[in-house]
Amino acid sequence: MTEAPDAMVPMAVQNDLRDGRKLLETMEPQQRLAWGLDQFGDRFALTTSFGIQSAVLLHMLSTLQGGDAVPVIWIDTGYLPAETYAYADQLTHQLKIRLVVSQSEMSPARMEALHGRLWESGSVDDMETYHRIRKVEPLEQALNDLDTRCWASGVRRGQTDHRRSMTALDPIRERWSLRPLLEWTQRDVYYYMQSNNLPQHPLFEQGYSTVGDWHSSGPDVGDLSGRDTRFGGLKQECGIHLPQDAVEGLMGEGI
């Protein structure tokens, strides 16, 4: 889904977008979520990775009236750490979320047979192929199946260079992308989890500040921390949060 500049958005929508952004800038994250649900109803969804900081947005959703009916899309790549699968099960039951699991039509075994172990080649192109097959296409399919008009994710500005340019609400190819936690810091996340007695991801205690697939994640070491520990240092983004024109062939934004 293309993250279109305002000039590419029809004027009537531009006016709505400016008004929406201005309103959302004054809101706390929980209020932004409530706004999304109120505006879009059963065409509103969340995405989650069940990563190190995922519990925050999921907990906020669980406190909203009607939040238990909002679909929470999780892209299961088939390569997640065992700890992530256990954490997903724990949070799903504890917060009573409506989980929608989406997977690639191509199994991990078939992908490796046809393309090899794409993450081992050291090629950015191979990593982008991997992410398209295992993450971007399954997300797009889930959003289409749910007829989603607006979806919220837990991205934050401080995570990557690209995310610094995001706003609280952006048009993403015939959908809206809502970012309730965009301005939050790691400190904000940590204290929210502490004050609400939310469980940490098991890998947090092993030094991970971010976690994705087992082969492309690692603990913070030396000068490497956060997203710099991902994807063998080749890139910060998997493509889900990049616009179409930034990563040719990838299909938009997501988790």
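A count restricted to region 167-204 and to residues that are under 23 Å from THR92 (Cβ atoms) and touching a Cys at 6+ places or on another chain (Cβ under 9 Å) stands at 1. Taken together, ALA109, ALA113 contain a single residue that is more than 16 Å from ASP213 (Cβ to Cβ) and in a helix (DSSP H, G or I), which is ALA113.
Of all residues in region 149-171, those satisfying the criterion of being polar (S, T, N, Q) and either modelled with pLDDT under 80 or under 18 Å from LEU61 (Cα atoms) (or both) are SER153, GLN159, THR160, SER165.
Screening region 20-68 for residues that are surrounded by fewer than 16 Cβ atoms within 10 Å (Cβ to Cβ) and among the hydrophobic types (A, V, I, L, M, F, W, C) and picking the one that is farthest from the chain's Cα centre (by Cα) gives LEU23. Of the candidates TRP74, TRP119, the single residue that is more than 17 Å from THR48 (Cβ to Cβ) and aromatic (Phe, Trp, Tyr) is TRP119.
Looking across region 69-106, the residues that are assigned to a helix (DSSP H, G or I) and surrounded by fewer than 17 Cβ atoms within 10 Å (Cβ to Cβ) come down to ALA69, ALA82, TYR85, ALA86, ASP89, GLN90, HIS93, GLN94. Evaluation of GLU128 against the conditions (1) under 30 Å from ASN197 (Cβ atoms); (2) modelled with pLDDT under 95 shows that the sole unmet condition is (1). Confirm whether SER195 is of a type outside the set (Phe, Trp, Tyr), within 30 Å of ASP38 (Cβ to Cβ) and crowded, with 17+ Cβ neighbours inside 10 Å. Against the criterion (of a type outside the set (Phe, Trp, Tyr), within 30 Å of ASP38 (Cβ to Cβ) and crowded, with 17+ Cβ neighbours inside 10 Å), SER195 does not qualify.
The values are calculated or read from the model by the stated rules, or taken from the named source; none is laboratory data. Fair warning: this is a prediction, and the values are worked out from it, not measured in the lab. With ideal geometry, Cβ positions are generated from the backbone for all residues, glycine too; neighbour counts draw on all protein chains shown.
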